[in-house]
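Some notes on the structure that comes next.
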Amino acid sequence: MSHALAPLYAQHIATLRERADKALALGGFDHLLIAASTPLRKFLDDQDYPFVANPHFRHWLPLTDAPGSWVVYTPGHKPKLIFVQPRDYWHVVPAAPSGYWVDQFDITIVRTYAEAVAVLPKGKRAVIAPACPSIEGVEANNPQTVVDYLHWHRSYKTPYELELMREASRIGMCAHRAAERAFRAGESEFGIHMAYLAAARQIDAELPYASIVGLNEHGAVLHYTHFDRTPPTQSRSFLIDAGASASGYASDITRTYAAAGHNDFQALIDSVEKAQLSFVAMVKAGQSYPELHIHAHHVLADVLREHGVIRMSAESAVQSGVSATFFPHGLGHPIGLQVHDVAGFQTSERGGSIPRPDGHPYLRMTRVLEPGMVVTIEPGLYFIDMLLEELRGKPASKDIDWAKVAAFRPYGGIRIEDDVVCTEGAPENLTRNAFTAS
Ligand code: GLY
Ligand code: MN
Ligand code: MN
C-alpha cells in the first residue's frame, strides 16, 4: 500500500502547497508554521491526556505521533519537517521518518521542543497551533483569513485522502463484523467493545471518537459510551456507532441489529435502511445538504406511519416537530481528518457561516454538496423517554400509537450511518464498499 500511495501523496502535497500559497498571500504572511502540538498534562498530575496531533499537521503528513514537531512551508520552497526525536529512555520515541512521504520534505531532526522552535523561520508567520497547551517561544496566531481558506479547501479531499479514508472504512468494517459476532454470541457491551478493538487492532485512544456500543434501551442514548460489563438477561437489539483511523483519517460507521425473532424491530430497521440508502443516492453535486436533511425527516415520518407509530401525514409530523421526537439529530456531517470535519457551515473560502434551518439545531452541515466532499448519512429513529414525555403533553399526542411506542421502547433505537463521497457522478459509498469487498 505504501508504495502505491507515493504518486498520490506527491499530488496531494502539490495541492496543499497551492492552497498554502493562496492562503498566505491572502493573509499577507511569508511562512506557514503548523505545530503537531504537544501533549496536554492532567491537572496536578505527571500524566498526559492521549496525544492527538493538530489536524492541519496530519493534513500534510501521515504522522499521528510526533509531539513538538512542525511543518514549515515557505512559498517557493520544499516543505520542511522539523521532527522532534527526544533522547529519552522512559518512553518509546517517535521512529525516524521513513516511508512514501519523506521525499516530499526537507527533514531536520532535533531533540527537544525548544530546539524545534529555535529553527523555525522568522518573519511574518501564520502559526497554526492550539492556544493550549502553549508552546514556549512561539505564539499561535491562527490568522482567521488563513484558517478560513485552509478549512474551506479541506472540504475537497484529494485522491490520496480518499485512499486513506477507504482504508479507515476497511478497518472499521472488519471491526464492525467482529462486534456483530460478539453481539450474536451474547457478549456484554464491554465484551463487544473489546472484540471491536481487537479486530481493528486499535486502542481506544487511536479511534477517531469514543465508540457507542448499546444493547437494548441503551440504543436510545445518542452518545452512549458506558459499556456495561455484564450482558443483559436478553439481548434484543444492538446499536454500534464506531469508527477507525488510518494515517490520521477517520471512518464513522453505525449499524443496528435485531436479535433473531424480534421481527417487528427488524422490519423497522429494514425500513430505515431502505430510507438511508435512498438518501445516500442523493449525495450528488448541487444537492443542498440541509434540504436533504429535511427530506429525510419526511421519509422517516412515513416510515413511522407505515409501522403504525404515528397516524399523521409526513408533512404534519415534520411541521409539528413529531418527526424530531424520533429523529432528534442531524442527518450527518463532513468527515475527514476529524470525525466532525471543519467547514460544514462555511459560506466561502473567505469564511462566513450558513445558518441551520429553523427547528434543526443539531444539523452540522448546511452547505451544498460538491465533488470531493465526504459526508456521513446517518438517519435514525429512537424511542427516547425524555422526548416522548414532552410529546405526550402536546396536541399531536392523540395521533401517536402509544402502545406501539411502548412495544418498540425496549429496543432503544436505530441508526444506520455510512461515509459517502460526492463525485461528478454516482456517489461512492466508502462504508458499503468496504462491507461488500470482503
Ligand atoms: N459518532 C459520531 C457521529 O456519528 O457523528
Ligand atoms: Mn457521524
Ligand atoms: Mn457515528
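With a Förster radius of 45 Å, plug the Cβ-Cβ distance of ASP45 and GLU370 into 1/(1 + (r/R0)^6) and report the FRET value to the nearest 0.05.
After rounding, the FRET efficiency stands at 0.50.
From its DSSP helices (H runs of at least four residues, each -39,500 (n - 2.57)), the chain gives a residue-normalised ellipticity at 222 nm of -11000 deg cm²/dmol. Karplus-based coupling profile of the stretch 136-149, in residue order and whole Hz: 4, x, 8, 9, 5, 10, 5, x, 4, 4, 5, 4, 4, 5, with θ = phi - 60° in 6.51 cos²θ - 1.76 cosθ + 1.60 and x standing for Gly or Pro.
For the stretch 214-291, calculate the relative contact order in percent as a whole number, restricting contacts to Cα pairs under 8 Å that are 6 or more residues apart.
Details: 58 pairs, mean separation 15.9, N = 78.
Here the relative contact order equals 20 percent.
For LYS404, a cut-off of 29 angstrom between C-alpha atoms picks up these lysines, skipping any fewer than 8 places away in its own chain: LYS274, LYS394.
The angle between the Cα long axis of helix 159-184 and the longest principal axis of the Cα atoms of the chain comes to about 40 degrees, rounded to the nearest 10. Among SER271, SER69, SER353, the largest mean-square fluctuation in a Gaussian network model of the chain (Cα springs under 10 Å) belongs to SER353. Model label points for GLU206 and ALA118, set 7 angstrom from Cα along the Cα-to-Cβ axis, are 3.5 nm apart. Length gained on full extension, PHE345 to VAL92, computed as 0.36 nm times the residue gap minus the Cα-Cα distance: 87.1 nm.
Computed from the C-beta positions of GLU291 and ARG432, the FRET efficiency with R₀ = 25 Å rounds to 0.60.
Amide hydrogen proximity for TYR209: with H placed 1.01 Å from N in the peptide plane, the residues at 5 or more positions away or on another chain lying under 5 Å are GLY243. Helix 263-280 and the longest principal axis of the C-alpha atoms of the chain enclose an angle of approximately 40°. For LYS124, the lysines whose Cα falls under 27 Å of its own Cα, not counting residues fewer than eight places away in the same chain, are LYS22, LYS78, LYS80. In nm, give the distance between the simple-model label positions of THR233 and ASP401, each being 7 Å from the Cα along the Cα-to-Cβ direction. Taking the simple label geometry, THR233 and ASP401 are separated by 2.7 nm.
For the chain, modelled as a GNM whose springs connect Cα atoms under 10 angstrom apart, the maximal fluctuation among TYR100, TYR289, TYR209 occurs at TYR100.
Read-outs throughout are calculated quantities, based only on the coordinates presented, and are distinct from any laboratory measurement. All values derive from a computational prediction rather than experimental measurement. Backbone-built Cβ (ideal geometry, glycine too); neighbour counts: all protein chains shown.
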